[in-house]
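The values are calculated or read from the model by the stated rules, or taken from the named source; none is laboratory data. All of these numbers come straight from a predicted model, not from anything done at the bench. FYI the Cβ positions are ideal-geometry reconstructions off the backbone, even for glycines, and counts take in every protein chain you see. Surface areas here come from the heavy atoms of the whole protein model, side chains and all, with no ligands, DNA or RNA. Shrake-Rupley method; radii C 1.70, N 1.55, O 1.52, S 1.80 Å.
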Amino acid sequence: MKETLLNVKHLTLGVTERDGSVNKAVDDISFEVRKGEILGIVGESGCGKSLTVMTLMGLMKDDVFVMDGQILFGQDDLVRVTPERRRQINGNELSIIYQEPMTSLNPLIKIGRQVGEPLRLHRKDLSDAEIDRMVLELLTEVGIQNPGQIMKSYPHQLSGGMRQRVMIAMASICRPRILVADEPTTALDVTTQAHVLSLLKRVNEEFGTTILFISHDLGVINRICDRVLIMYAGKIVERGRTRDILNHPAHQYTKGLIRSIPTRDQKGKDLICIPGRVPSTMDPREPCPFAPRCGHTMEVCRQTFPECRELAKDHIVYCHMFD
Ligand SMILES: Nc1ncnc2c1ncn2[C@@H]1O[C@H](COP(=O)(O)OP(=O)(O)O)[C@@H](O)[C@H]1O
Ligand SMILES: [Mg+2]
């Protein structure tokens, strides 16, 4: 078994609402990230994917707080690190890219300077000339044709796909142990999306970077991830190797997600959807949050959240049908 790089244990996140009440947006999730893998987290919008990774990065908004749990990373518990230790970790050992690169690129600073910034912060031993040379090299590696010219450009002068390549370069420049990618291709057209996915795959293979890849689209997850966690309304409901999940899905929600992956001959036709709607995490929830949409709901589903069941090696599900 591969070495565990990051271990999330019983993480529960609360969001304080305007009226002062607390909504458990992520509810007792546990998973590990293994060295060298690309691990996917998939689930519909609002299920808690971004809150989970923002907590990992220590970048939660003021109204979000950790109610319980640990995120073990080397000697640190990322839930409890000091601000000083956090500054050493982010951009250096852990880095993140988002759906919209403009949210993390500074519009007023030239690309060359921005991509080199993490090195300037974490590698005081390097000269400016050395940093510029490393930036130029890395921009070439991420598939930018005219890196010298791009270094002198501002973010708005680049296309969405180019900006995402620049973000990947900036996030990789210190060779982090884990790169978190939160819906990195959602805002891109299909062709650019494919280029960015193969670039991330190369970063994984050539730099040996472990990647935590978030998407609402199981089709995208399938193209890049070794393993996947299926999330529904703040809970992990299934976990396994991507091919096992796709070939032998166990949870009714996973089955629905697979049916909703568009296939070639469905182009233009209506997509098959899972009936019902995603519960708002603010609604009172059933112990199994999928119970209202499941179609196989039993009495017990309305009484307790199921225990974890191991169906095969590395394939687990949380569903009372397997009790
Ligand atoms: N800053 C916030 N204030 C209030 N509610 C939030 C905030 N951030 C997230 N939420 C709620 O938490 C839930 C999970 O959000 P999020 O992690 O962004 O979902 P995802 O990334 O899976 O689409 C959502 O139901 C959302 O409404
Ligand atoms: Mg999100």
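Numbers below:
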read-out	value
Radius 14 Å from Cβ of LEU200, net charge of other residues (Lys, Arg +1; Asp, Glu -1)	-3
FRET efficiency for ARG34 and GLN157, using Cβ-Cβ distance with R0 set to 56 Å, rounded to 0.05	0.90
Dipole of the chain, positive end: most advanced residue of VAL42, GLY116, ASN23 [Cβ charges, Cα centre]	GLY116
Cα-based radius of gyration of the chain once divided by 2.2 N^0.38 Å, which approximates compact folds	1.03
Kirkwood-based shape ratio for the stretch 24-90, expressed as Rg/Rh from alpha carbons	0.94
The stretch 1-77: trypsin sites (Lys or Arg not before Pro) in DSSP coil with no more than 10 other Cβ atoms inside 10 Å	ARG18, LYS61
Residue range of the chain that is longest and free of GluC sites (Glu not before Pro) which are both DSSP loop and sparsely packed (at most 13 other C-beta within 10 Å)	18-306
Isotropic mean projected area of the C-alpha convex hull, the stretch 179-237 (nm²)	4.2 nm²
Percentage relative contact order, the chain, counting C-alpha pairs under 8 Å, at least six apart	20 percent
Gain upon complete extension [MET1, ARG86; 0.36 nm per residue less C-alpha separation]	27.7 nm
Carbon/sulfur fraction of accessible area - the chain, other protein chains in place, 1.4 Å, %	50 percent
Relative contact order (%) - the stretch 104-173, alpha-carbon pairs under 8 angstrom, separation at least six	48 percent
Distance between modelled label sites at ASP68 and THR186, nm, 7 Å Cα→Cβ extension	2.8 nm
Length gained when the stretch ILE258-PHE207 is fully extended (0.36 nm per residue, less Cα-Cα span)	15.2 nm
Inter-label distance for PHE322 and HIS296, nm, one decimal - labels placed 7 Å from Cα along Cα-to-Cβ	1.1 nm
Solvent-accessible area per residue for the stretch 104-173 (1.4 angstrom probe, square angstrom)	49 Å²
Neighbour cut-off at most 16 other Cβ (10 Å), DSSP loop, trypsin sites (Lys or Arg not before Pro), the stretch 102-195	LYS110, ARG123, LYS124, LYS152
Nearby lysines by direct alpha-carbon distance to LYS35 (threshold 24 angstrom, same-chain neighbours under 8 apart not counted)	LYS2, LYS9, LYS49, LYS201, LYS235, LYS313
FRET efficiency, MET102 to ALA312 (Cβ-Cβ, R0 51 Å, nearest 0.05)	0.75
Equivalent ellipsoid dimensions for the stretch 104-173 as semi-axes, Å, which come from the Cα gyration tensor, largest first	18, 12, 11
